[in-house]
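To keep things clear, I will list the structure first and then write my remarks on it.
The values are calculated or read from the model by the stated rules, or taken from the named source; none is laboratory data. Remember, it's a predicted structure, so these values are computed and weren't measured experimentally. Reconstructed Cβ throughout: ideal geometry from the backbone, glycine too, with neighbour counts over all protein chains shown. Calculation scope for accessible area: heavy atoms of the full protein, side chains included, ligands and nucleic acids excluded. Shrake-Rupley method; radii C 1.70, N 1.55, O 1.52, S 1.80 Å.
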Amino acid sequence: MDDIMIDEGDDVGENCEVLTIRRTKAADRDDETLVGIGWRVFGLTIFTLITVMQVIQEYLLVVTIFGMAEELKFGETECQVINGTAARDYIGDLNMTGEELCAEAGRCSENSTFFLPDVCGVRYTGRGTLYDVLAGPIYLIIHGITTVPLIGLVQGLSMRAPLSIAMFTVLWTLCTLLTAFVNDYWAVALLRFLFGIFTGPINSLKIAYLAHIFPTEVHTIVFGISHYGNALGFGASFLFVNVTNSLVWRWCYIICGAAGLFLALASCFMANPKGPRPHDKINSVVSSWKQQRSSLRQIAWPCVMCVILSFTASVSATFVGSYNITIYLAEYFPEFDVSVIGLITIVAGFIGSIFGGWMGDRLRKISGIRARIGLCIVLQIVGFVTATLIYQTPLTALVIILCINYCCYSWFAIVLQAILSDLTPHDCKTGVFAITYFFTNSIAVLLTWPLPRYHP
């Protein structure tokens, strides 16, 4: 794709466009050598940590929803035991539990003759439509929709990656931090909405930046390391169950908000690769648009769209599982410690992202793109099968299948990212990944909305 032939019949204008693209690509290769290995590692580390923090803040809702709903009084309610000792005294020799007693009609109703105010009380479960809104459209749909225009704004203003990353990280981190100080459901919803807007461009900027400073031969493993931040973040978010239990849910948002601001500051010190050299740029809006259009014409769009749609289908299945696994385990396996899910994600994500990234680069050298596409097909089939079996098996089998599912998804995601990067010229990488993000977030959520809810 780097070698572009010019036919004698081509007009001068088209020849200038081709030569400009060729010189730009040469400049991009020079930029890789201008960024030292130490700065590359620093940039990869910062991006991985930012990914970890973003995912933790995204899934804080899952692990804090019970305490948040109880304090802010929103969502579905249940009549539950509020005094275990009083419940045991009332039951006496009756063959039933306190939960069964409070589940009887009228136990929490003041107008009922069965009202037991000293034994049973109304508690907010953190489930229902209001939770689904926070978990789904108010965040995830807007998350993808705003990515493309915001990326266009960044490119139009010629903002460098370190500055744009720091700016967006500060904005979405402030949304998380402010959540700790609100006392109304709709304030939480507004901050969740803004969080979705400002986190949208991060992934596209990250992949384009890493593809810029690292050689193509190691793109899959580099993407794998940065993508492992998703598994680490999802797993680490379950550790905040202990924070919620020992302190209050608000401290989770304070801790994560402070950490996010620190990472935003650190991102300002990342290497700032040079853009195209002055003699490579024509100071004309029309010429710049022609250059961009010429780069877009190089993309094999049928293949790219197949990859994007495949990615979207996989993410749709993952959304359903990620936002419901905690509720499912709490209802069907209440004795299970849900924080174990965090450990499972960290271990399985490491295998899929790091080992999968190494294997992806090996396959690229040996067999090119066809072998990696074949691998993705196998991983997607295994992922869909295991995603279905998770909710049909006993607890032990569920844990094993969950490990396989997380591993397959992580491996599948980073190989697809590397394939998209290979199919896309550098000039268009950020834009193409923004389009991909729109499909894998907004479209994926629309396909799965409303998120399934499990009831005993």
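For the stretch 130-141, a residue qualifies if it is of a type outside the set (Phe, Trp, Tyr) and modelled with pLDDT of 80 or more, and the qualifying residues are 130, 133, 134, 138.
Screening residue 351 with (1) part of a helix (DSSP H, G or I); (2) open to solvent by less than 30 Å² (accessible area, probe 1.4 Å) gives one miss only, at (2). Within the stretch 333-345, being in contact with a Phe, Trp or Tyr (Cβ under 7 Å, 6 or more places away or on another chain) and closer than 17 Å to residue 396 by Cβ holds for 338, 341, 344. Would you confirm, using the coordinates I've provided, whether residue 255 is in a loop (DSSP other than H, G, I, E, B), hydrophobic (A, V, I, L, M, F, W, C) and either modelled with pLDDT under 85 or within 21 Å of the chain's Cα centre (by Cα) (or both)? No: the conditions fail for residue 255. Filter the stretch 73-105 for residues that are farther than 30 Å from residue 188 by Cβ and in a helix (DSSP H, G or I) and give the result. Scanning the stretch 73-105 gives 84, 85, 86, 87, 88, 89, 90, 91, 98, 100, 101. Selection of the stretch 327-344 for residues being in a helix (DSSP H, G or I) and open to solvent by 10 Å² or more (accessible area, probe 1.4 Å) yields 327, 328, 330, 331, 332, 340, 343, 344. Criterion applied to 102, 108 was being within 24 Å of residue 329 (Cβ to Cβ) and modelled with pLDDT of 80 or more, and the one residue passing it is 102. Of all residues in the stretch 262-280, those being farther than 11 Å from residue 42 by Cα, at pLDDT 90 or above and open to solvent by less than 60 Å² (accessible area, probe 1.4 Å) number 2. For the stretch 295-315, filtering for residues that are surrounded by fewer than 18 Cβ atoms within 10 Å (Cβ to Cβ), at pLDDT below 80 and not hydrophobic (A, V, I, L, M, F, W, C) leaves 2.
Give the stretch 205-244 a look and list any residue that's open to solvent by 10 Å² or more (accessible area, probe 1.4 Å), modelled with pLDDT of 80 or more and among the polar types (S, T, N, Q), or say none. Residues satisfying the conditions are 216, 230. The residue list 397, 434 contains one member that is within 21 Å of residue 324 (Cα to Cα) and small (Gly, Ala, Ser), which is 397. Candidates in the stretch 93-108 are the residues that are of a type in the set (Gly, Ala, Ser) and open to solvent by 50 Å² or more (accessible area, probe 1.4 Å); of these, the one that is farthest from the chain's Cα centre (by Cα) is 105.
Taking residue 376 as the residue in question, decide whether it is crowded, with 19+ Cβ neighbours inside 10 Å, more than 30 Å from residue 146 (Cβ to Cβ), under 20 Å from the mean Cα position of the chain (by Cα) and assigned by the TED database to the domain that holds residue 222. It is false that residue 376 is crowded, with 19+ Cβ neighbours inside 10 Å, more than 30 Å from residue 146 (Cβ to Cβ), under 20 Å from the mean Cα position of the chain (by Cα) and assigned by the TED database to the domain that holds residue 222.
Residue 362 falls short of the stated requirement of being among the basic types (Lys, Arg), surrounded by 18 or more Cβ atoms within 10 Å (Cβ to Cβ) and not in a loop (DSSP other than H, G, I, E, B). All conditions in (1) at positive phi; (2) touching a Cys at 6+ places or on another chain (Cβ under 8 Å) hold for residue 60, with the sole exception of (1).
Of the residues making up the stretch 404-437, just one is within 18 Å of the chain's Cα centre (by Cα) and farther than 30 Å from residue 212 by Cα, namely 405. May I ask you to list the residues in the stretch 45-78 that are open to solvent by 40 Å² or more (accessible area, probe 1.4 Å) and either farther than 25 Å from residue 128 by Cα or hydrophobic (A, V, I, L, M, F, W, C) (or both)? 45, 49, 66, listed by residue number.
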